[in-house]
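J.: Okay, here's the structure, questions in a sec.
The values are calculated or read from the model by the stated rules, or taken from the named source; none is laboratory data. No experiment lies behind these values; they were computed from the predicted model shown. So basically every Cβ, Gly included, is an ideal-geometry build from the backbone, and we count neighbours across all protein chains shown.
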Amino acid sequence: MKSRQTGTEAAGTPADAVTLARHLAAREVSAEEVVTAALDRIARLEPTLKAFITVDREGAIATACRLDAADRPVGPLHGLPVAVKDVTDTAGLRTTRGSLLFADNVPAADDPAVARLKAAGAVIVGKTNTPEFGFGAVCTNRIQGPTANPYDPRLTSGGSSGGSAAAVAAGLVPLAQGTDFGGSVRTPAGFCGIVSVRPTPGRIAEPGRDLAWTGLASHGVMARTVADAALMLAAMAGPDPADPLSLTAWPPLATPDPASGAVLGPVRVAATADFGVAPIADAVRHRFEEAVARLAAVAGPVERAHPDCAEAPAAFRTLRAAQIERGLADLVDGREDLLTDPVRWNLGAGRGLTARAYLEAEAARARLWRRFIAFFQTRDVLVAPAASVMPWPHADGEVLEIDGRPLADILDYLTVTFVVSLVGFPVVTLPAPFDDLPFGLQLIGRPGEEARLLAFAARLEAEVGFVWRPPLMPAEVRP
């Protein structure tokens, strides 16, 4: 980082969060300077990207000034500008959920995850774009419109945390929060060439969750480097007695050191392009094979294997449909005309489900869990694509076919990610080297082993070049 100007490196590349945090803690730059620089970049690039639904310039600068007045750093994220997905409540800051039904909604209280970010010193600069209620393959809604992919604004940034992914990739913020049900952090991270973490359910406590034992959805972190993602995850992680899944004694988190190969030891890696059940585009399969070959240079021989996932597609559809119908049916009753097509489709899928069908899906999920546990007895990491397709034009809407092959429904393209949602194993998404458009890998590990997974990701980042790369075109979205 140079001077006390913008919080960026001399060449204009945005500084990483770890570096910024160090300079902020040493008072070599002020939180007001860093946050103002981020807000200025947002103002300059937002007309092209549409990454945000709401930007809180006045509130963010006021918070930064309060942090500057403190005697010492208040936490590990002291003064860092952070974006929050607009399905997550922020006290006093509009939270639309991407829906006309909530266009003027201003929550009275923070989501617990946001409260943890603020307690760690983060400055919330705004709310990022999302499909309505987080349901949709394209990051668009009737309030904001589509978020552009920083590498080609004609293409989608992915759903549903596409606003957060684009904001991080384009250098608007170093860190952003997202949420992930069936792939909503991992797919946008892959499309935008950044790092993400979908942690083990309970690692980030969610005391307000109605269905406290389900663990299908999760908060996630999005960053440009593995160390930055680890920093944000550590700030958000922690138990809460109101969340039973958070009370497990998880192994501690640590900032990964790419030079810690000796400590990490040998890593037994398996790889699958499709889990035996996911439709995958030929272009994705080709890039995946290239990435696995590069990965093998660090990991050694990579086994081609995966757990038996035959029951996963039906189980996920049933559980997702039931949860969405329960959560939204009463809320939108009589106002369906205000909803987008993907939300109406998801609601319809849940109507008429029986208790028997739901319980059979839970039983299938339990069997899948046991297969994953058995699989990981002899493997440390399972590698898979972060998406089944490459980014596509906004106007094409939902993914209904892959390479001319019709899909079963609008969820089918998510199979490569929702298989992992069912079992809740932690996932680090890492960008693979690319020539034109970003391509991401899922690195899947054992429950609670985020630190080991992040350490392996840091080795790939350092030794194989699995790193974020500034958007090369068009010029107007360069950081």
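J.: Is it the case that Arg97 is under 30 Å from Ile324 (Cα atoms), in contact (Cβ under 8 Å) with a residue 60 or more places away in the chain and of a type outside the set (A, V, I, L, M, F, W, C)?
T.: The answer is no for Arg97.
Residue-by-condition table, conditions (1) under 23 Å from Arg224 (Cβ atoms); (2) touching a Lys or Arg at 6+ places or on another chain (Cβ under 6 Å):
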| position | (1), (2) |
| --- | --- |
| Val106 | no, yes |
| Pro112 | no, no |
| Arg116 | yes, no |
| Glu132 | no, no |
| Pro153 | yes, no |
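J.: Would you say Glu461 is within 16 Å of the chain's Cα centre (by Cα), more than 19 Å from Ala387 (Cα to Cα) and not hydroxyl-bearing (Ser, Thr, Tyr)?
T.: no
J.: Pairs under 8 Å by beta carbon, first residue within 19 Å of Gly183 (Cα to Cα) in region 376-401, partner at pLDDT below 95 and small (Gly, Ala, Ser), six or more apart or different chains?
T.: Short answer, once both residue conditions are applied: Val381/Ala299.
J.: When you look at Gly465, is it on the phi > 0 side of the Ramachandran plot, at pLDDT below 95 and part of a loop (DSSP other than H, G, I, E, B), yes or no?
T.: Yes, satisfied.
J.: Going through Gly300, Gly350, Gly276 one at a time, which residue ends up being of a type outside the set (A, V, I, L, M, F, W, C), without any contact (Cβ under 8 Å) to a residue 60 or more places away in the chain and either touching a Gly at 6+ places or on another chain (Cβ under 8 Å) or surrounded by 17 or more Cβ atoms within 10 Å (Cβ to Cβ) (or both)?
T.: Unique residue meeting the criteria: Gly350.
J.: I'd like the residue in region 292-323 that is farther than 26 Å from Ala374 by Cβ and of a type in the set (Gly, Ala, Ser) and, out of all such residues, is farthest from the chain's Cα centre (by Cα).
T.: Only one residue tops the list, namely Ala297.
J.: How about region 373-395: which of its residues are part of a strand (DSSP E or B) and either at positive phi or among the β-branched types (Val, Ile, Thr) (or both)?
T.: Val381, Val383
J.: Can you tell me which residues in region 201-226 are buried (at least 24 other Cβ atoms within 10 Å of the Cβ) and among the polar types (S, T, N, Q)?
T.: Matches in region 201-226: Ser218 only.
J.: Then there is this: Do we have any residue at all in region 438-448 that's basic (Lys, Arg), surrounded by 19 or more Cβ atoms within 10 Å (Cβ to Cβ) and in a helix (DSSP H, G or I)?
T.: No, region 438-448 has no match at all.
J.: Here's another thing I want to ask about it. Which residues, counting only those in region 34-58, are among the charged types (D, E, K, R), buried (at least 20 other Cβ atoms within 10 Å of the Cβ) and more than 17 Å from Asp86 (Cα to Cα)?
T.: Selection gives Arg41 alone.
Results for (1) closer than 21 Å to Leu454 by Cα; (2) part of a loop (DSSP other than H, G, I, E, B); (3) free of Cβ contacts under 8 Å to residues at least 40 places away in the same chain, shown as yes or no for each residue.
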| residue | (1), (2), (3) |
| --- | --- |
| Asp228 | yes, no, no |
| Ala234 | yes, no, no |
| Pro241 | no, yes, yes |
| Ala249 | yes, yes, yes |
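J.: Could you list all residues from region 297-322 that are assigned to a helix (DSSP H, G or I), modelled with pLDDT of 95 or more and not aromatic (Phe, Trp, Tyr)?
T.: Ala312, Pro313, Ala314, Ala315, Arg317, Thr318, Leu319, Arg320, Ala321, Ala322
J.: Sticking with this structure for a sec: Of the residues that make up region 154-163, is at least one surrounded by fewer than 24 Cβ atoms within 10 Å (Cβ to Cβ), within 20 Å of Ser99 (Cα to Cα), more than 15 Å from the chain's Cα centre (by Cα) and among the basic types (Lys, Arg)?
T.: No, region 154-163 contains no residue that is surrounded by fewer than 24 Cβ atoms within 10 Å (Cβ to Cβ), within 20 Å of Ser99 (Cα to Cα), more than 15 Å from the chain's Cα centre (by Cα) and among the basic types (Lys, Arg).
J.: How many residues are under 24 Å from Leu411 (Cβ atoms) and in a loop (DSSP other than H, G, I, E, B) when one looks only at region 162-193?
T.: 5
J.: Take the conditions surrounded by 23 or more Cβ atoms within 10 Å (Cβ to Cβ) and not hydroxyl-bearing (Ser, Thr, Tyr) and apply them to Phe425. Does it pass?
T.: The answer is yes for Phe425.
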